[in-house]
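Data first, discussion second: the structure below is written as structure tokens.
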Amino acid sequence: MNSRIFYLLGFSCFVLLFCACGRPKQGSRQAFYYNESSGIATLDPAFAKNQSIIWAVRQLYNTLLQTDEQLNIAPSLAYRWEMSDDRLQYLFYIRDGVYFHDNEVFPGGKGRKMTAYDVEYSFRRIVDPATASSGAWIFNRRVDSAEGFKALNDSVFQLRLSAPFTPLLGLLSMQYCSVVPREAIEKYGRDFRNHPCGTGPFRFKSWEEGEALILEKNENYFEKDEEGNALPYLDAVKISFYNNKATEFLLFRQGKLDFINDIDASFKDEVLDKKGRLKKEWEKTIALSKHPYLNTEYFGILVDSSLDIVKNSPLRLKRVRQAINYGFDRRKMMMYLRNGIGIPAESGFIPAGLPAYDAAIVKGYHYDPDKARQLLADAGFPRGSGLPPVKLLTIQAYAELGSFVARQLEDIGITVQVETMQKGLLLEQTAKSSALFFRASWIADYPDAENYLSVFYGKNPAPPNYTRYRNPDFDKLYEQALTVTDDSLRFVLYRKMDQMIIDDAPVVPLWYDEVVRLVNPRVKGFTTNALNLLELKRVQVK
């Protein structure tokens, strides 16, 4: 029999047994079901560049460090660490008794013990140009080129920086930094994407791309709960790939999915009221989980006046940019277009959910049409007279949002023409500095406000500095903050920089996002944090 046909038959039988009659009955194996409408491109952590990949990879692998619910850095593969006085050298002490998943690449198919040499190999692989990892930026220009990664022995890993970088520990918690075994990479090569082998709470079972991905409990997982019980509690995780959000919602209502991440526009009005609360008819069948998500949605404005595209644009004038910021009602926008999902961005660029966020200190923009008109007059455009139309570039999903802002700005004398395009083209134009006014968002890569402020560091290219903002005073504070280890002092510097950005207005902050999850009430222990990570180690399905 053709091996491909044999595989498909075997896989289909497994899925049928796994999913027969809907969900397993009470008292049988505990399985967690979710849908990934965008698909999963790879299970290789070196390419964990988006949420769908990160969520799956997180179940299969571990990193040296991890973040807890409050975004604190916590031990994982490393149980403790030390930093040298000059803040250039870090020593990580590797936990004993951690094993890679059973795999044919190991003698007898039994997973071998993970050591510091595996950490060194995994990090070198990320920066190796031959890997072409999308996570190479984590270490490039930060790690000492000669002695950046070194296993001192089986249990101690040394990392050396070329210059102090205080947010380093947060970077090391990213899924890019997952530890992988050399044997699997050498055997599978590029096919490692669908032959994953890690140390995580779940191990790979099967994957029929576009149909289902199934993970099984790692019986040898090293973490335990507070009472000494082995983690994870679940026996299996099944991920389906229906690309239709209406289908996903229907399956959730039928109890065939355990949660939905985010609420699609097609059914948000059915589930939530205008204030973002669960409607009464759903209260007994759905649990609503909502909390800050480290994502700032904004309009960016190209401000580098040395560029020809900026020289004759009215957006080169700070007062015009400030008028735009004062000229529309963020609170009304959130209520009518977002059903209260998100926090109106009336502070800085740093979002709610980070410790450095403080709306009492960083004063942003609120709706004040009179002030907006005065700023336009001061800029030489009384009531908008003589002000040419401004083109806003966005994608179709945000066209309604752009139109809402355009209508309100028209009342103060600013004409905005909303133009929609494909996401790839928009990203290309912003990267080439050929978009004057554009919709964008910044999702945190790691839990430190430096990640947001780097978007405006004058020595950074686009990306991440899409607005081409340059302010020498800002750059000095940014460089100073990288060397400050005291959190409270560093946060003071972060807030000063955040206020500078707001005052100069190279961006129009729209809202600070929120994680919104619809969860089946039978699911217990399903927590997350402001990075919107999928944490399944402690989940139980009652």
The chain: antiparallel bridges as % of DSSP beta bridges, rounded to 5, reads 85 percent
The rounded separation in angstrom of the Cα centers of the stretch 41-90 and the stretch 425-489 is 22 Å
Extension gain (nm, one decimal) between Arg407 and Thr528, 0.36 nm per residue minus Cα-Cα
39.8 nm
Work out from phi, with θ = phi - 60° and the Karplus expression 6.51 cos²θ - 1.76 cosθ + 1.60, the ³J(HN,Hα) of each residue of the stretch 284-290, listed in order in whole Hz, and give x for Gly and Pro.
8, 10, 9, 9, 9, 10, 9
Farthest towards the positive end of the dipole of the chain, among Leu436, Met335, Leu533 and with Cβ unit charges of +1 on Lys and Arg and -1 on Asp and Glu, lies the Cα of Met335
For the ranges 242-248, 53-59, what's the packing order if you count other beta-carbon atoms within 10 Å of each residue, average per peptide, and put the highest first?
53-59, 242-248
May I ask you to compute the full-extension gain from Asp235 to Ser84, defined as 0.36 nm times their residue separation minus their alpha-carbon distance, rounded to one decimal in nm?
50.1 nm
Can you give the FRET efficiency to the nearest 0.05 for Arg182 and Lys542, using r as the Cβ-Cβ distance and R₀ = 45 Å?
0.65
If you stretched the chain out fully between Arg331 and Glu211, how much longer would it get, using 0.36 nm times the residue separation minus the C-alpha to C-alpha distance?
39.1 nm
Given unit charges at Cβ for Lys, Arg (+) and Asp, Glu (-), the dipole magnitude of the stretch 436-542 about its Cα centre in debye, nearest 20, is 660 debye
Suppose each label sits 7 Å from its Cα in the direction of the beta carbon; what would the Glu479-Thr420 distance come out to in nanometres?
4.5 nm
Taking every DSSP beta bridge that has both residues in the stretch 292-515, what percent is antiparallel when rounded to the nearest 5?
70 percent
When Rg is the radius of gyration of the Cα atoms in the stretch 339-410 and Rh is its Kirkwood radius, what does Rg/Rh come to?
1.03
Label 7 Å along Cα→Cβ of Asp154; the stretch 182-197 residues with amide nitrogen under 17 Å?
182
Helix-only mean residue ellipticity at 222 nm for the chain, each DSSP H run of n ≥ 4 adding -39500 (n - 2.57), per residue, nearest 500:
-8000 deg cm²/dmol
Sort 146-153, 258-265 for me by packing, meaning the mean count of neighbouring Cβ atoms within 10 Å per residue, highest on top.
258-265, 146-153
If you place +1 on the Cβ of every Lys and Arg and -1 on the Cβ of every Asp and Glu, how big does the dipole about the Cα centre of the chain come out, in debye to the nearest 20?
1000 debye
With r as the distance between the Cβ atoms of Ala246 and Asp273 and R0 = 30 Å, compute the FRET efficiency 1/(1 + (r/R0)^6) and round to 0.05.
0.90
Compute the distance in nm between two label points, each set 7 Å from the Cα along the Cα-to-Cβ direction, one at Ala163 and one at Ile309.
2.8 nm
What FRET efficiency comes out for Ala265 versus Arg124 if R0 is 41 angstrom and r is the Cβ-Cβ distance? Round to the nearest 0.05.
0.40
Give a quick list of chymotrypsin sites (Phe, Trp or Tyr not before Pro) in the stretch 412-456 that DSSP marks as loop, anything other than H, G, I, E or B, with at most 10 other Cβ atoms within 10 Å.
none
Using +1 at the Cβ of each Lys and Arg and -1 at the Cβ of each Asp and Glu in the stretch 99-178, identify which of Ile126, Ser145, Gly109 lies farthest towards the dipole's positive end.
Ser145
Here the relative contact order (percent) of the chain, from C-alpha pairs under 8 Å and at least 6 apart, is 18 percent
So for the pair Lys318, Leu489, with labels modelled 7 Å out along Cα→Cβ, what separation do we get in nm?
2.9 nm
Checking the stretch 368-430 for GluC sites (Glu not before Pro) in a loop per DSSP with at most 13 other beta-carbon atoms within 10 Å yields none
Straight distance only, please: which lysines reach the Cα of Lys279 with their own Cα at less than 23 Å, same-chain residues fewer than 8 apart left out?
Lys245, Lys256, Lys268, Lys290, Lys332, Lys524
Please sort by residue number the trypsin sites (Lys or Arg not before Pro) in the stretch 380-469 whose DSSP state is loop and whose Cβ has at most 10 other Cβ atoms within 10 Å.
Lys432, Lys459
Whole-Å semi-axes of the stretch 292-515's equivalent ellipsoid, largest first, each the root of 5 times a Cα gyration tensor eigenvalue?
26, 20, 18
Under 8 Å for C-alpha pairs, at least 6 residues apart: give me the relative contact order for the stretch 117-171, rounded to a whole percent.
32 percent
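Bear in mind that the values in this text are calculations on the coordinates, not laboratory data. If you're wondering where the values come from, they're calculated on a predicted model, not measured in any experiment. So basically every Cβ, Gly included, is an ideal-geometry build from the backbone, and we count neighbours across all protein chains shown.
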